[in-house]
Amino acid sequence: MGYKTIIGLEIHVELATKTKMFCSCINAFGGEANTHCCPVCIGLPGALPVINKTAVEYAVKAGIALNSKINTKTRMDRKNYFYSDLVKGYQISQDDLPLCDGGYIEIELENETKKVRLERIHIEEDTGKQIHSEKEDTLIDYNRAGVPLIEIVTKPDMNTPEEARLFLEKLRATLKYIEVSDCKMEEGSLRCDININVVDDKTGSKTNITEIKNLNSFKGAVKAMEYEEKRHISLLKEGKNTVRETRRWDDISNETITMRGKGGVADYRFAPDGDIAPIELSDEWIEEIKNNLPELPHDKKERFIKEYELSEYDAGVLTASKELAFFFEETIKYIDDSKLVSNWIMGDVLRRLKDEELEIEDTSLTPKYLGQLISIVKEGKINNNTGKKVLKEIFDTGKDPETIVKEQGLIQINDEGALKEIVSKVLDDNEQSIIDYRNGKDRAIGFLVGQIMKASKGKANPQLVNKMVIDMINER
Ligand SMILES: [Zn+2]
């Protein structure tokens, strides 16, 4: 306490267009090195870039979804610097006239909704990739050169690593909802730079900003921020300061490491790209994009609360990813009971996904199977606990619930006659429990029901057993 952390983020997102930003080369992850290239994207002299309209459309979509103002008159600029993965010696980007100004994302904290403001969103091209070989050579793959990017720059509005994580999750969910990027961090489709420093509340003295480059997982980003937060605070306590520098996160040693000092702001000598005509967008086109935008996470959440009578929390979890929201609504087509479906997903389904670090679409559970499973539990064909076992089997084997129930003989015993023998044997064997119950210890019933469930191999209907136990004790 007594220290305030200030965090701002810069996020690069690769747009999921079919072709690259300024040429007709395929925009796809991977591929044999230097096969998705042409004179334009490897910057041969005389090659002329032509802007990809879909990339601009996707960026506008993102801007609208993130509450930004879309600038109708803008242009591409050259950002000059030298690096081996940048063939032309400059990157085509945007300087003082970004495509989108401002904007914000709302994140849900424990007691409040916090608005994290955006500075801007601009479009640019990605660079090639350096590959460091075992022989200590550096190889260059230009397949990624010229892939369309948006860079989203936030204001320094986040005050904890957790807030930054919530921001990143909401951002990723939103971009996936509007289908402008697959946001696969492991493939570099979403990469994040962090700016972080700490202020002493009492004295007002603050550390210099540290920039942490190229985080490729949310987990890594959070760890890096937590590490830097501590480092900055301990330096402040010692009366020292951090130097303004760029660091990187090392996943193995769990620390940030200095990459380079940052003396002043680098001079990129930005200048308009004379090869690309200024961009002018019509209000009608922007309006059309706006009208065709799919339902966004916030709207979906509000609809789920109203339409399915879910709690705010449940609706928030179910709409956190487009795929999960889709799964929920599809399941309801098979079993018209939104509360029950929500309970199953929020409970055993999400627990399994979390344990295995999987997304719902990567498992063998389908809305149809979950719907069938919930139906047979609701109809009393199997009991709730057996249902959980069957769910596990679906995840493990991909078989449908009816088959699993049939193969393993899991049908619930709902027939009093068939249970009578088991119940009376358990009662005979546990006279003390009967005495306890008669002396007002209701817990004894729970014990007896448990014994009977065990004896029936979990197949008895627990409500029926409960009733039979009480009836049969009273008859004794
Ligand atoms: Zn190309």
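The values are calculated or read from the model by the stated rules, or taken from the named source; none is laboratory data. The structure displayed is predicted, hence computed values, not measured ones. So basically every Cβ, Gly included, is an ideal-geometry build from the backbone, and we count neighbours across all protein chains shown. Note: accessible area is taken over every heavy atom of the protein model, side chains too, but ligands, DNA and RNA are not part of it. Shrake-Rupley method; radii C 1.70, N 1.55, O 1.52, S 1.80 Å.
Here are the numbers for the structure shown:
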read-out: Scan of region 48-61 for residues that are within 15 Å of the ligand (Cβ to nearest atom) and over 25 Å from the mean Cα position of the chain (by Cα), ordered by number; value: LEU48, PRO49, VAL50, ILE51, ASN52
read-out: Residues being in contact with a strand residue (DSSP E or B) (Cβ under 6 Å, 6 or more places away or on another chain) and either closer than 22 Å to ARG172 by Cβ or not aromatic (Phe, Trp, Tyr) (or both) - total across region 85-110; value: 17
read-out: Top-ranked residue of region 288-304 - restricted to ones that are more than 21 Å from the chain's Cα centre (by Cα) and not in a loop (DSSP other than H, G, I, E, B), ranked as surrounded by the most Cβ atoms within 10 Å (Cβ to Cβ); value: ILE289
read-out: Residue in region 165-179 that is within 15 Å of LEU15 (Cβ to Cβ), within 16 Å of the ligand (Cβ to nearest atom), touching a residue at least 40 places away in the same chain (Cβ under 8 Å) and not β-branched (Val, Ile, Thr) present; value: no
read-out: Unique match (being more than 16 Å from the ligand (Cβ to nearest atom), under 26 Å from ASN195 (Cα atoms) and over 26 Å from the mean Cα position of the chain (by Cα)) among LYS73, LYS69, LYS79; value: LYS79
read-out: Residue among GLY46, GLY89, GLY128 that alone is within 28 Å of GLU280 (Cα to Cα), open to solvent by less than 60 Å² (accessible area, probe 1.4 Å) and not acidic (Asp, Glu); value: GLY89
read-out: Per-region count, region 131-148, residues within 16 Å of the ligand (Cβ to nearest atom) and surrounded by fewer than 19 Cβ atoms within 10 Å (Cβ to Cβ); value: 1
read-out: Any hit, region 374-387, residues being surrounded by fewer than 16 Cβ atoms within 10 Å (Cβ to Cβ), in a helix (DSSP H, G or I) and not assigned by the TED database to the domain that holds TRP344; value: no
read-out: Residue check for GLU151: more than 16 Å from the ligand (Cβ to nearest atom), within 22 Å of GLN94 (Cα to Cα), at pLDDT 95 or above and in contact with a His (Cβ under 6 Å, 6 or more places away or on another chain); value: yes
read-out: Filter result for CYS25 (touching a helix residue (DSSP H, G or I) at 6+ places or on another chain (Cβ under 6 Å), outside the structural domain of LYS301 (by the TED database) and closer than 21 Å to LEU190 by Cα); value: no
read-out: Selected residue (criterion: most open to solvent (accessible area, probe 1.4 Å)) from residues of region 402-420 that are farther than 18 Å from ILE452 by Cα and in a helix (DSSP H, G or I); value: LYS406
read-out: Listing of strands (runs of 3 or more DSSP E) fully contained in region 199-283 that carry 2 or more residues being within 17 Å of ASN159 (Cα to Cα) and touching a helix residue (DSSP H, G or I) at 6+ places or on another chain (Cβ under 7 Å); value: 210-215
read-out: Which numbered condition ILE196 misses (of (1) hydrophobic (A, V, I, L, M, F, W, C); (2) open to solvent by less than 50 Å² (accessible area, probe 1.4 Å); (3) out of contact with any Gly (no Cβ under 9 Å at 6 or more places or on another chain)); value: (3)
read-out: Of all residues making up region 7-47, the number that are within 12 Å of the ligand (Cβ to nearest atom) and charged (D, E, K, R); value: 1
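To keep it simple, each residue is scored yes or no on (1) open to solvent by 70 Å² or more (accessible area, probe 1.4 Å); (2) at pLDDT 90 or above; (3) not charged (D, E, K, R).
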residue: LYS389; (1), (2), (3): yes, yes, no
residue: ASP400; (1), (2), (3): no, yes, no
residue: ILE422; (1), (2), (3): no, yes, yes
residue: ASN430; (1), (2), (3): no, yes, yes
residue: GLY446; (1), (2), (3): no, yes, yes
residue: ASN466; (1), (2), (3): no, yes, yes
